[in-house]
Amino acid sequence: MNYSVKIAGWDKPVTVEVGQTILDAAISQGVPYPHGCRSGNCGACKSRLISGDVEMSPYSEFALTQEEKASGLVLACRSVPWENAEIAWLGEDETIVHPVRRMMCRVTALDDMTHDIKRVRLEIRSGGPFSFSAGQYCSLTFSGQDARDYSMANTPEETELEFHVRHVPGGASSAYVAHSLSTGDEVLVEGPYGTSWLREAHRGPIIALAGGSGLAPIKSMVERALNLGMAQDIHLYVGVRGERDLYLEDHFKALHETHSNLKFVPVLSEAGPGASGRRVGFLHEAVAADFTDLDGCKAYLAGPPPMVEAATAMMLDRGARREDIHADAFYTEADKASLESPQ
C-alpha cells in the first residue's frame, strides 16, 4: 500500500511507500524539499503537518523541541505516514532553490591546514553549471568510499570548489582524504543541500560562529557578505581546542585590514603554550561576554553539535529570534547512527 502526501505549494502530491519517510519520497520524486542531515539531527526539514497521521522515528530534541511537536511540527526526514496526509515546509525569509547537480570533479590541490584538516580544491569537469548559496554543502564520494557531506568554503562566484575535510577518528572517508587522495583524482560531487545559508537581504549585525572545520561554510558566508558590500558589523568567532587547531588566521586578519566592519575573534577552549593574549573558553561564552542583546542579529553557526546547541541556547537567552539562528551541526556518522539505536 502507498500513501499520497500533498506538499503545500507543490503542484502534485508525492507517493510514499509503506515505511518510507516523506522526505525520502519527496526527494526521489524531484521535490526540492529543504533538508540537511536526513537523520533527525539538524531540523532543516522541520515542517507543519496540516492533516493526516505520521509516525516519527527517534530524533534530536535540538532538531524539534517538545513544544514544537505539540504545536503540530514534524521532521520530514523522520515522518512515516500511515494515511494520506498534507504537509508544508516552514517558510523562509528568503527563498532560493538551486538545481541539484551530479558532477564529476578533479582534485587540483591538497593542502594541510592543521594536523587533522586538509583543504581539498576541485575543478568541475562535467555535470555543471553549478550554483549554490554561501553556507550550503555537497555530498562527496571519493574512490571506493561512501558518500559524505562537506560544506563549500569557496564563495558562489568562484568556479573552483573548496572543502575542508577533518580526519575523524574511525572515519573511512576522512582517512582516505588524509592519506590516499591525490591531485588529479576524480571525485563525485552532488548538491547543493542545506538551509543554513547567508541571508543576503539582511541588514542587521551578523554573528558567525565556527567550530573547527565548521570554518568552511562560515568562511564562504563571511567572504560572500564582504564581496557584496554588506556594510553591517560582522562578528566572526572561531573556536578551536588549541593553537595547532587554528587556521586561516592571517587570511581573516588581512580581510579585517580592508573591511573594518569584520571583527575576527579566535577562541581557544584549552589554554596552552603560545596562547598568551588569546580568548580562552567556549565560543558561546565568548559571545555571551561580548553581547547582552542579540535581537535583530542574524546568527550563523557551524561545527560540533555541542557547540551549536550551547550557542543556540545562549543566543535565545540573549534575545535572538529562533528564525534568525541558522545552524549547521556537523554530525558524524556515529552521531547519526546513535539515533537509530534502541533507546
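Below are the figures for this structure:
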| item | result |
| --- | --- |
| Breaking point among (1) in contact with a Cys (Cβ under 8 Å, 6 or more places away or on another chain); (2) at pLDDT below 95; (3) surrounded by fewer than 18 Cβ atoms within 10 Å (Cβ to Cβ), for GLU94 | (1) |
| Out of SER79, SER60, SER139, SER151, sole residue that is under 18 Å from the mean Cα position of the chain (by Cα), under 30 Å from LYS12 (Cα atoms) and touching a residue at least 40 places away in the same chain (Cβ under 8 Å) | SER139 |
| Candidates ALA134, ALA109 - the one that is assigned to a loop (DSSP other than H, G, I, E, B), at pLDDT 95 or above, aliphatic (A, V, I, L, M) and closer than 19 Å to SER220 by Cα | ALA134 |
| Residue within the stretch 192-202 that is over 18 Å from LYS118 (Cβ atoms) and over 18 Å from the mean Cα position of the chain (by Cα) present | yes |
| Count - residues of the stretch 225-244 that are crowded, with 21+ Cβ neighbours inside 10 Å and either β-branched (Val, Ile, Thr) or in a helix (DSSP H, G or I) (or both) | 4 |
| Residue match in the stretch 266-288 (condition: in a helix (DSSP H, G or I) and either polar (S, T, N, Q) or farther than 25 Å from ASN41 by Cβ (or both)) | no |
| Options LEU215, LEU209, LEU188; residue that is in contact with a Leu (Cβ under 8 Å, 6 or more places away or on another chain), assigned to a strand (DSSP E or B), under 18 Å from PRO304 (Cβ atoms) and at pLDDT 95 or above | LEU209 |
| Check on ILE117, over 25 Å from LEU246 (Cβ atoms) and either surrounded by 13 or more Cβ atoms within 10 Å (Cβ to Cβ) or in the same structural domain as CYS42 (by TED's automatic domain parsing) (or both) | no |
| Qualifying residues in the stretch 249-263 (those that are of a type in the set (A, V, I, L, M, F, W, C) and surrounded by fewer than 19 Cβ atoms within 10 Å (Cβ to Cβ)) - the one nearest to MET221 (Cα to Cα) | LEU255 |
| Matching residues, the stretch 191-206, being part of a strand (DSSP E or B) and over 28 Å from GLY242 (Cα atoms) | GLY191, PRO192, TYR193 |
| Selection from the stretch 155-176 of residues that are at pLDDT 95 or above, assigned to a loop (DSSP other than H, G, I, E, B) and touching a helix residue (DSSP H, G or I) at 6+ places or on another chain (Cβ under 6 Å) | THR155, HIS167 |
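The values are calculated or read from the model by the stated rules, or taken from the named source; none is laboratory data. Every value quoted in this text rests on a predicted model; they were computed, and no experiment measured them. Don't worry about glycine lacking a Cβ; one is built from the backbone with ideal geometry, like all the others, and counts go over all protein chains shown.
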